[in-house]
Amino acid sequence: MDDLLADFLTETNEGLGALDAALVRLERAPEDMATLSEVFRIVHTIKGTCGFLGLTRMEGVAHAAENVLGRYRDGALRVTQSGISAILGAIDCIRGIVAALEGTGAEPAGNDSALIASLDAIASGEAAPAPAPAAPVAVTPAPVAPPAPMAPPVAVAPPPATPAASAEPEPGGVNAPPQTIRVTVDVLEGLMMLVSELVLTRNQLLQLSRNGTDSAFAVPLQRLSHITSDLQEGVMKTRMQPIGNAWAKLPRLVRDLGVELGKKIELEMRGAETELDRQVLELIKDPLTHMVRNSADHGLETPEQRIAAGKPEAGRIMLNASHEGGHIIIEIADDGRGLNAERIRQKVLAQGLATEAELATMPEREIQRFIFRAGFSTAAAVTAVSGRGVGMDVVKTNMERIGGTIEVRSKEGRGTAFVVKIPLTLAIVSALIVEAGGERFAIPQIGVVELVRVGGEGAPQLERIKDSAVLRLRDRLLPLVNLSGLLHLESPATEESAFVVVTQVGPHVFGIIVDRVFDTEEIVVKPVAPILRHVTMFSGNTILGDGSVIMILDPNGIARATGVGAESGEGEAERDGKRQAAAQRSDQRTALLLFRAGDATPKAVPLGLIARLEDVERERIENAGGRPLVQYRGKLMPLVPLSGHWDQSTAPERQPVLVFSDGDRTMGLMVDEILDVVEEHMAIDGAGERPGFLGTTVIGGKVTEMLDTAWWLRQAGEDWFGHDAEHQAGGGRRILLVEDSAFFRNLVIPAIGAAGYDVTAVANAEEALRLREAGLGFDAIISDIAMPGMDGIALARALREGGAWRDLPLIALTGRAEPADIERGRAAGFTDYVAKFDRAALLESLRQCLSAPVVG
Amino acid sequence: MQTQTTTGPAPGLPMRGGLQADAAEDIYLTLTVADQLCGVPVLAIRDVLGVQAITRIPLAPAEVAGSLNLRGRIVTAIDLRCRLGLPPRAEGHRGAMSVVVERDGELYSLLADQVGEVLPLPRAERAPNPVTLDAVWRDVSNGVHRIGERLLIVINVERILAIG
C-alpha cells in the first residue's frame, strides 16, 4: 500500500469517526449550521481525495451524500431524520470500503446504486418524506455504533443489500487496522524534552561515577546509559519524516504553474526519502515551496525563449536532498535564465543598498546575494524584471532561525541553484565548547569550518589592519572578532596563544578568537529566558554534562553584530564550503592588498609579499642621512615613501607602513592609506610604464597600479639584496626559475634573491632545457606547473630522465596544492611542492632541498 | 504593564475585603537583601536553594546575575541587590540563596543574602507604600508590613522580573 493511500485511510478513519458524532448532533439540532458545515466539509474532503486516488465507488457514494448535505447547507432542504439516516448509511458504506482498502489495498467490487439512488432522491426533495428508501437505511445506524472493527463491512450491506459488498468483510477483518496512530505533536515534543533531560542527567551520573570509586553503581549505570541512548534514538525516530512529505504537493503545484504560465516544466526530485526532524520539516516546507514556485515562475523561461536560447523546450526544476554530517543539504536548481546581475545592480543602486563604488568591488556572488535582502523584493518591478526575489529575505530568515544557511549560485542564461543547509534536528546539536574571558560558550558545529591555533610557537600570528585583527590563513586574510571583546568580558592579559574558530555564515567566513577550546559535546538547545531575548549573540543555552549552564553562541548574531555580513566581501565567496574549495583555489587568483599613496590611483601589492602592516607614530620616525628610519623590533628599519618624498611636518600622525621582511632585515613602505584586501585575477597591462610599478590592472572596476616590489626593495638600500651573502641562507647558490608569467617572475626573483640566492629566470620549459644543453649549472630548480607548451610536470620528467640536471632538487611552484596534485608532481619527479606566494615555505623548501643531499 | 493581570498565585492586593474575604492572611517567605527585610508570597515560590554555581551571561542586563541549573532546568538568576539599587555584596560574603519563582513557564531565581522564615501576615495589617519610597522600590513593592521592630517590603514578583 503506498503512503498516500495509507495517509488517506488514516485520515478518512478519523473523519468517519468525527462524522458519526457530528451527524447525530445534527439530527438533534438541525439548525446548527456549524455542525452542518463540519459534516459537509468532512464528506467533501473524503469525496475529493477519493477522486484523486481513483476510488470511484467510494467517490460515488460520498458524492451522493455530499449532494444531500449541500442542499441542507444551502437551506434548500430541511434536515430530516430519514435524510440523516441515509447519510449515515452512506458513511457506513464508505467505512466498509475503507476497511476493505486497508485489507487489500484495493476498492472492493460492489454496487451502491440503490444507496446512491435513495440519496439522490432525498437531494431532489422527492423522497424526503418517503419512507421507502429510508426504512432499510434507518436500520443501519444501530449496528454501526457497537461493533467497531468487524462490523462495518456488515453494515455496508443493509441499505440496498448489496451482495458483493458483503463478500468483502474477510480481508478487512483479517488485517488489523493501520499500524499507525496519530499522536499530537505536543506529546512527541514532551517526550523529546524528557528524553533530552534524561540524557543530560545520565551524562551527569556518568561523570559522577567516573570520579567516584563506588563500583556497585557501575553496571546498572552502564545499562541505564545504553537504554537512555536507545530511548533517545527511538524518540528521535518518531520525529523523523522523509523530506518527500514536504515535497508531496510540489508536482501538482509545478503542473498548475506550468499550465498557468504556459511553460513546460519537468520536476525532478531526488533524495525524497532523506529523513529529518518533523519540526525542521515543518519550518522548511513553506520556504521550499516558495523557492520552487520562484523557480517555475521567474527562473524558467517560456518555451519560445528556451528554444531561442538553444535549450530544450521543457524547463527543469531539480530538488535534491542528501545528508551531510549532521545536516541536510537541499538543493533547488533550475536550468532557467539565471539571475540578471545587471538588473540586481540597478535595483541595489535604486534602493540605496550599496554605492556604485561598492558594487564595483563586489564579486558577482556577492551581488546575487542581494536578493536575500529584506525589502529588496517588495517592489513588483523586481519580480517582473530581474527574475527572482519574492520574499527571499523571508526564506533566508526562516532558514537562519533554525540554524541553517542558504546560498545562491547562478549563471546568467544557465540557471540558478539555491543550496540550503539545515540541521537534522533542532533538539540536539553538536557544539564546540570554547572559553573566552574566563567563561565557557558553545558554538554550534554547523557554522564551524576549522580551528586554527594562533600565536604559539610556529603557529600563525594575528595581525592588525588599523584596529581590526586579521589572520592570514593560507592565502587569505580572515577578518577576526575577539569573543571576549564582543561580549564585554575581561580578556586575559596575554594574547600569547589563542584559537581562531573559523566560522562561516552564508558566504562570509570570519574567525572568532577564543582563549581555549575544549571538546565537542552534544547539547540540547533550550531557549533563553524572555528577558534575555534581546541579546542576539546567543541562540539559546544548555546544560553541559558536568551540570553547568552554558550559553550557545549564534554565529549569525555575531556576524551581524560585527558587520561581517554587511561588508562588501573579501572574496569570501571563494571558499564557500569545503566542497568547492578545491576547485576554486585556482592559481590565477591572488590576494592583493589595496592601498593609496601619492596620487588617487589605488595601488596593489600581493598580500603574500607583505610581512606585516604597521601604524607608525610620526614621532617615532627618525631621519638619518636624508632617509627616514624607524626603530622597529629592536632594529632600525629603513622607510621608503611610496609617494617619492616624505616630510615630517606634513606627515600624518600615524603613518601606515607595509613591512617587508626577510630574516632579520626589514624595510617599510610608507603609504597614505590601506584600502582593502581583495582576491583578483592578475592581468597586467603596459608593464613597466613608470619605475616602481609593473603596470596597471583593473581591480573592482578601477584602474589599479601594481607595485614592483623588487624596485621598491632596492630603494631601501643595496644591502637588501644581500651583498654580504655569507650570512644569507642562500649563500649565493644558483637557482633556476621557470615561470611563464612575468608578474610571478617579478615576485619570486626578489623574494628568493633577497635571501641570497642567485636567480636565473626563464619564461618556459623549453628555454630551461636549452640552458641545460648549454651546460649551465644550477643548485636547484623552481618551476611553475601550469605553463603553455611544455608544462612543469613534463619538464620534471624530462629533467629526471637524464642529463646534467638529473639529481637537482626540483621545487614545484603552484597555486594548486591539493594532495592529488602534489602526488602527481612527486610522481613526475618534483622534490617539493610549494604554494605560490608562500615565500617562507619556498625559502624553507630551498633550504631543506639544498642542505640535505649535496652542497655543504 | 502586566501589573493588573497577575500578582502570582498568591491572592492579590487590590482585593482587600473583596472576593477573598475568607482568606484574611497572606503567607510570605521572608528574605534579607542588604539588611532590608522582604517578603515573597510563598505561593509564587517553586524552590529555595542554597548557594549555587551561577554562569554569567555576557551582555545581559546588570540585574541578571546569570543562569543556574535546577534539576535540569535552566533558571535565570536575578540579583535582588542590583534590582533594588542596593550595593553589591561584600567580597567575603558566602554567596546568595536562590528563591526560585515561576513566570510564564520560565523559572527565575531571586538572589537574596539570607532566607528567613515563612510568615502568615494578616492582610489588613499591610500598609500601602509610603509615598516617599524610592521609585524603584515603589515599583516592585506591594506594600509594607511591620514585623516587630522591622519593616517588611512585600515583593511583587511580576514587577521584579520586569527587566529590560
Which ones in the range A:752-777 are modelled with pLDDT under 80 and within 46 Å of the chain's Cα centre (by Cα)?
A:ILE752, A:GLY753, A:ALA754, A:ALA755
Near pairs, Cβ below 9 angstrom, 6+ apart or cross-chain, from the range A:594-606 (under 11 Å from A:VAL698 (Cα atoms)) to any residue that is assigned to a loop (DSSP other than H, G, I, E, B)
A:PRO602/A:GLY700; A:LYS603/A:ALA597; A:LYS603/A:LEU642; A:LYS603/A:VAL671
Can you find even one residue in the range A:629-636 that is more than 43 Å from the chain's Cα centre (by Cα), outside any loop (DSSP other than H, G, I, E, B), touching a residue at least 12 places away in the same chain (Cβ under 8 Å) and within 23 Å of A:VAL748 (Cβ to Cβ)?
no
Per the list (1) more than 13 Å from chain A (Cβ to nearest Cβ); (2) crowded, with 23+ Cβ neighbours inside 10 Å; (3) of a type in the set (Lys, Arg), residue check on B:ARG94 breaks on (2)
Quick one: in the range A:232-260, which of the residues that are under 21 Å from the mean Cα position of the chain (by Cα) and outside any loop (DSSP other than H, G, I, E, B) is modelled with the lowest pLDDT?
A:ALA246
Which of the numbered conditions does B:GLU102 fail, given that it passes all the others? Conditions: (1) surrounded by fewer than 23 Cβ atoms within 10 Å (Cβ to Cβ); (2) away from chain A (no Cβ under 13 Å); (3) touching a helix residue (DSSP H, G or I) at 6+ places or on another chain (Cβ under 9 Å).
(2)
Report, by residue number, each residue of the range A:115-138 that is modelled with pLDDT of 85 or more and farther than 22 Å from A:VAL24 by Cα.
A:ALA117
Quick check, is A:PRO287 outside the structural domain of A:LEU205 (by TED's automatic domain parsing) and either in contact with a Leu (Cβ under 6 Å, 6 or more places away or on another chain) or loosely packed, with under 14 Cβ neighbours inside 10 Å (or both)?
no
For A:GLU14, the lone unmet condition from (1) touching a helix residue (DSSP H, G or I) at 6+ places or on another chain (Cβ under 8 Å); (2) at pLDDT below 80 is (1)
Based on what the data block shows, is A:GLY565 modelled with pLDDT of 85 or more and more than 14 Å from chain B (Cβ to nearest Cβ)?
no
Residues of the range B:25-75 being more than 14 Å from chain A (Cβ to nearest Cβ) and in contact with a helix residue (DSSP H, G or I) (Cβ under 6 Å, 6 or more places away or on another chain), which ones?
B:ASP26, B:ILE27, B:LEU29, B:VAL33, B:ALA34, B:ALA44
Starting from the range A:21-50, take each residue that is under 16 Å from A:GLY89 (Cβ atoms) and list its partners that are in a helix (DSSP H, G or I) and among the aromatic types (Phe, Trp, Tyr), counting only C-beta distances under 9 angstrom and pairs at least six apart or across chains.
A:LEU26/A:TYR72; A:VAL39/A:TYR72; A:ILE46/A:PHE8
Can you find, within the range A:717-745, the residue that is nearest to A:LEU694 (Cα to Cα) among those that are in a loop (DSSP other than H, G, I, E, B) and modelled with pLDDT under 70?
A:GLY717
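I'd like to check something: does the range A:264-273 contain any residue that is within 18 Å of the chain's Cα centre (by Cα) and over 23 Å from A:GLU412 (Cα atoms)? Before you say what the answer is, go through the steps one by one.
Here is the first cut: in the range A:264-273, the ones within 18 Å of the chain's Cα centre (by Cα) are A:271.
The next check asks that each one be over 23 Å from A:GLU412 (Cα atoms); those that pass are A:271.
Yes, the range A:264-273 contains a residue that is within 18 Å of the chain's Cα centre (by Cα) and over 23 Å from A:GLU412 (Cα atoms).
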Scanning the range A:503-535 for residues that are within 14 Å of another protein chain (Cβ to nearest Cβ) and not in a loop (DSSP other than H, G, I, E, B), the one farthest from the chain's Cα centre (by Cα) turns out to be A:ILE531
The one condition in (1) in a helix (DSSP H, G or I); (2) more than 23 Å from A:ASN245 (Cβ to Cβ) that A:LEU5 fails to fulfil:
(2)
Return only the number of the condition from (1) more than 13 Å from chain A (Cβ to nearest Cβ); (2) more than 30 Å from A:GLU197 (Cα to Cα); (3) touching a residue at least 40 places away in the same chain (Cβ under 8 Å) that B:CYS82 does not satisfy.
(3)
I want to confirm something. Restricting to the range A:746-760 and keeping residues that are touching a residue at least 60 places away in the same chain (Cβ under 8 Å) and part of a helix (DSSP H, G or I), which single residue is farthest from A:LEU842 (Cα to Cα)?
A:LEU747
By residue number, the members of the range B:116-164 that are outside any helix (DSSP H, G or I), within 14 Å of chain A (Cβ to nearest Cβ) and among the acidic types (Asp, Glu) are none
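Being in contact with a helix residue (DSSP H, G or I) (Cβ under 7 Å, 6 or more places away or on another chain) and more than 30 Å from A:GLY545 (Cβ to Cβ) narrows it down to one residue among A:LEU281, A:LEU224, A:LEU257; which is it? Walk me through it before giving the result.
Details: A:LEU281 fails: more than 30 Å from A:GLY545 (Cβ to Cβ); A:LEU224 fails: more than 30 Å from A:GLY545 (Cβ to Cβ).
One residue alone meets the criteria, A:LEU257.
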Using the structure shown, decide if A:ARG210 is among the basic types (Lys, Arg), modelled with pLDDT under 85 and buried (at least 16 other Cβ atoms within 10 Å of the Cβ).
no
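Could you list, in sequence order, the residues of the range B:105-115 that are within 14 Å of another protein chain (Cβ to nearest Cβ), more than 11 Å from the chain's Cα centre (by Cα) and assigned to a strand (DSSP E or B)? Even if it seems obvious, please write down each step before you answer.
To start, the set of residues in the range B:105-115 that are within 14 Å of another protein chain (Cβ to nearest Cβ) comprises B:105-110.
From the residues that got through so far, the ones that are more than 11 Å from the chain's Cα centre (by Cα) too are B:105-107.
Across the range B:105-115, the qualifying residues are B:GLU106, B:LEU107.
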Any residue in the range A:482-489 that is surrounded by 19 or more Cβ atoms within 10 Å (Cβ to Cβ) and either on the phi > 0 side of the Ramachandran plot or more than 14 Å from chain B (Cβ to nearest Cβ) (or both)?
no
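Here are some residues: A:LYS311, A:LYS263. Which one is crowded, with 20+ Cβ neighbours inside 10 Å, touching a Gly at 6+ places or on another chain (Cβ under 7 Å), of a type in the set (Lys, Arg) and at pLDDT 80 or above? Lay out the reasoning, then the answer.
Details: A:LYS311 fails: touching a Gly at 6+ places or on another chain (Cβ under 7 Å).
Residue meeting the stated conditions: A:LYS263.
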What pairs come up if the first residue lies in the range A:3-16 and is closer than 14 Å to A:GLY105 by Cα, the second is hydroxyl-bearing (Ser, Thr, Tyr), and their beta carbons are under 8 Å apart, counting only those six or more places apart or on different chains?
A:ALA6/A:THR180; A:PHE8/A:THR49; A:THR10/A:THR180
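The values are calculated or read from the model by the stated rules, or taken from the named source; none is laboratory data. Remember, predicted model here, so these are calculated numbers, not experimental data. Cβ atoms come from the backbone with ideal geometry, glycine included; neighbour counts cover every protein chain shown.
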